[in-house]
Amino acid sequence: MTESEFSKVTIKIYGQDYTFASAKSKDRIVSVANHVDEVIRGLVEQGADGSVARLSMLAAINIAEELSHERDLEVEIEREKEQLCKDIAHFQQLWEEAKRSHLQYKDDAKAVQEQKDALQEKLNAKIIENDNLVRSAEERERVVRRLESELEKANEKLRNVSDQSEDSSELIRDLKDKLKEIEGNYFELQMENIQMKGDLEHYRNNP
């Protein structure tokens with residue numbers, strides 16, 4: 001740094017003038033000098049005495065303590081700043097995880113709804129099938145009752161014919177054949193009805 005870059009500044013500290021060269025601006029030098037002057041006068045007000053040199057040394061110690069305190073504050077602020085940055089990063093991570101969890105929840109909810117719809121559709125189909133089985137069983141019950149009635153009538157006719165002359169033997173054979181046919185149909189319907197009742201019970205127990 002050349003001498004042309006320095007400027008002479010005259011300052012007043014505790015009533016005495018001091019002139020020196022500095023690369024700092026005049027306003028900056030005057031501001032620092034005023035602060036030193038305030039510290040010295042403050043020490044005097046608090047009871048300090050002695051020469052200007054002693055007061056200046058005490059002022060230097062106080063100013064050094066102020067600087068040390070300011071540096072401690074800067075370190076603390078820097079530490080808090082670093083912790084704040086870590087906290088921000090942590091909360092950002094939590095936010096990203098929360099967003100991912102929300103998206104996963106939406107996907108899971110959609111899958112559950114689709115599964116629910118599929119089960120509802122299956123249940124509706126079983127309800128329809130169950131209703132059809134019930135109607136079919138009711139229809140077969142009616143057929144069984146009709147066949148029972150026809151069987152009873154055929155038995156009645158057979159008994160009546162048996163009481164008549166032997167010339168009615170052919171009619172008896174026809175009636176017996178008819179009776180066997182009705183009995184066969186009745187047996188088949190009964191078996192089918194049992195099967196349908198079993199299916200109906202299965203659907204009721206396994207919705």
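The values are calculated or read from the model by the stated rules, or taken from the named source; none is laboratory data. As the structure is a computational prediction, the values presented were derived from the model and not from experiment. Using ideal geometry, Cβ is built from the backbone for each residue, glycine included, and neighbour counts are taken over all protein chains shown.
Return a yes/no flag: does the stretch 119-127 have any residue that is in contact (Cβ under 8 Å) with a residue 40 or more places away in the chain, farther than 17 Å from Asn193 by Cβ and either acidic (Asp, Glu) or part of a helix (DSSP H, G or I) (or both). Step through it out loud before you land on a result.
So in the stretch 119-127, the residues in contact (Cβ under 8 Å) with a residue 40 or more places away in the chain come out as 123, 126.
From the residues that got through so far, the ones that are farther than 17 Å from Asn193 by Cβ too are 123, 126.
Within this subset, residues satisfying the condition of being either acidic (Asp, Glu) or part of a helix (DSSP H, G or I) (or both) are 123, 126.
Yes, the stretch 119-127 has at least one match.
Restricting to the stretch 40-58, what's the tally of residues that are aliphatic (A, V, I, L, M) and over 15 Å from Gln16 (Cα atoms)? I'd like the intermediate steps shown before the answer.
Step one: list which residues in the stretch 40-58 are aliphatic (A, V, I, L, M), which gives 40, 43-44, 48, 52-53, 55, 57-58.
Remaining after also requiring over 15 Å from Gln16 (Cα atoms): 43-44, 48, 57-58.
Counting residues in the stretch 40-58 that are aliphatic (A, V, I, L, M) and over 15 Å from Gln16 (Cα atoms) gives 5.
For the structure I just gave you, tell me whether Ile182 is at pLDDT 70 or above and among the aliphatic types (A, V, I, L, M).
yes
Any chance you could count how many residues in the stretch 16-45 are touching a strand residue (DSSP E or B) at 6+ places or on another chain (Cβ under 9 Å), modelled with pLDDT of 85 or more and not in a loop (DSSP other than H, G, I, E, B)?
13
Matching residues to (1) surrounded by 13 or more Cβ atoms within 10 Å (Cβ to Cβ); (2) in the same structural domain as Lys8 (by TED's automatic domain parsing); (3) in contact with a His (Cβ under 8 Å, 6 or more places away or on another chain):
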residue: Asp37; (1), (2), (3): yes, yes, no
residue: Glu45; (1), (2), (3): no, yes, no
residue: Glu70; (1), (2), (3): no, no, no
residue: Leu84; (1), (2), (3): no, no, no
residue: Ile88; (1), (2), (3): no, no, no
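Among the residues of the stretch 46-64, what is the count of those that are closer than 17 Å to His35 by Cα and not in a helix (DSSP H, G or I)?
Residues that pass the stated criteria total 1.
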